[in-house]
1. How big is the gap, in Å, between the Cα center of segment 228-299 and the Cα center of segment 174-216?
2. May I ask you to sort 169, 366 by Cβ crowding, counting other Cβ atoms within 10 Å and putting the fewest first?
3. Give, in nm to one decimal, the length gained when the segment between residue 343 and residue 380 is fully stretched (0.36 nm per residue of separation minus the Cα-Cα distance).
4. So how do 315, 376 line up by other beta-carbon neighbours within 10 Å, fewest first?
5. If you average over every viewing direction, what projected area does the convex hull of the Cα atoms of segment 220-374 give, in nm²?
6. Using the number of other C-beta atoms within 10 angstrom as an exposure proxy, rank 133, 177, 153 with the fewest first.
7. What is the Cα coordinate range of segment 133-180 on the first, second and third principal axes, sorted by size from largest, in whole angstrom?
């Protein structure tokens with residue numbers, strides 16, 4: 001079936017929450033969020049990836065077929081065959097080699113925080129990234145083939161997945177406190193959306209990489225993500241679908257949004273840049289395993305490209321924890337030592353005391369990778385990214 005493609009002249013933003021999403025939002029509708037120069041569209045929900053209904057035609061820069069490529073292979077088993085990579089090609093890709101022009105990998109939610117880094121890493125390895133999301137993936141080194149659409153829409157998922165050898169599924173609603181007010185919508189996106197991806201991957205015989213949360217809290221976000229992962233592992237067990245789950249700890253780094261989801265690192269950095277008290281929920285003694293976003297993305301991409309898919313769950317983690325109070329102190333030292341810390345009541349859906357930590361040993365053993373970015377260096381890079389954009393936003397405001 002022929003599909004229209006569009007040659008982009010400027011970044012477009014597909015509308016969120018509008019049936020038949022795919023028409024661009026005018027660039028002048030973008031507004032800065034706070035003083036950190038983080039951009040968002042007015043009134044939009046906050047997503048890991050896509051959530052609307054209807055599929056738009058893909059936006060593409062350049063031409064290319066949907067067919068196979070040198071180095072592609074089929075992985076056999078009692079449940080049939082799945083597209084994959086031979087060992088030589090996989091080794092080449094893992095070491096930033098070049099693949100064929102038609103090699104494709106789908107990233108749902110590729111316009112999101114982690115998704116953008118995954119897109120860039122596929123592109124560096126010579127793989128054409130395909131993005132299914134509601135917003136154009138802006139500010140990336142790579143220019144992916146972009147399908148405006150929703151993971152709940154089976155037609156959108158099918159169109160975006162066609163010709164791909166792997167799908168890294170990152171799309172969905174995020175946030176703990178926010179999802180307490182929208183449990184049904186969270187189920188529809190995080191659980192039903194994942195099932196749409198799994199069903200289509202099973203039909204097209206494409207290997208799958210899912211992302212899981214690091215914590216085990218009782219809120220709609222965590223519950224739906226863990227349920228989706230259990231379905232993924234079931235598809236692997238019952239239908240032979242190659243499914244790898246990456247359990248990502250507390251990812252942080254440049255390009256993470258400072259929004260109502262109140263992720264730890266951007267929230268603290270942006271408050272410090274504004275000269276405001278740093279908001280800490282509870283007593284700040286919660287322990288977190290902070291993993292730099294580029295390390296998380298590398299684990300996801302390696303999980304997608306290893307010759308024999310790891311069937312189970314791996315941790316994108318450092319294996320070390322730090323208390324929230326100490327994170328706040330390090331950010332104060334990097335940004336503004338004079339700002340105080342403001343202790344606030346715990347948010348709904350989060351326990352007052354928690355310890356989130358992963359085990360990096362399985363990733364080292366099966367994927368040959370360990371996190372490369374020390375916490376102090378990662379925080380320094382992240383602070384600098386927000387600092388630059390905060391200055392730019394201040395200049396625009398003037």
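Values quoted throughout were computed directly from the atomic coordinates according to the rules given, and no laboratory measurement underlies them. Everything quoted here is computed from the prediction, not taken from an experiment. Because the Cβ atoms are built from the backbone with ideal geometry, glycine has one as well, and the counts that use them run over all protein chains shown.
1. For segment 228-299 versus segment 174-216, the Cα centre distance is 15 Å.
2. Numbers: 169 28, 366 17.
Result, fewest neighbours first: 366, 169.
3. Values: separation 37, 0.36 × 37 = 13.32 nm, distance 2.40 nm.
The residue 343-residue 380 span can extend by a further 10.9 nm.
4. Details: 315 23, 376 10.
Lowest to highest Cβ neighbour count: 376, 315.
5. Reported value for the Cα convex hull: 9.8 nm².
6. Numbers: 133 33, 177 17, 153 21.
So the residues, fewest neighbours to most, are 177, 153, 133.
7. Sorted largest first, the three principal extents are 38, 28, 18 Å.
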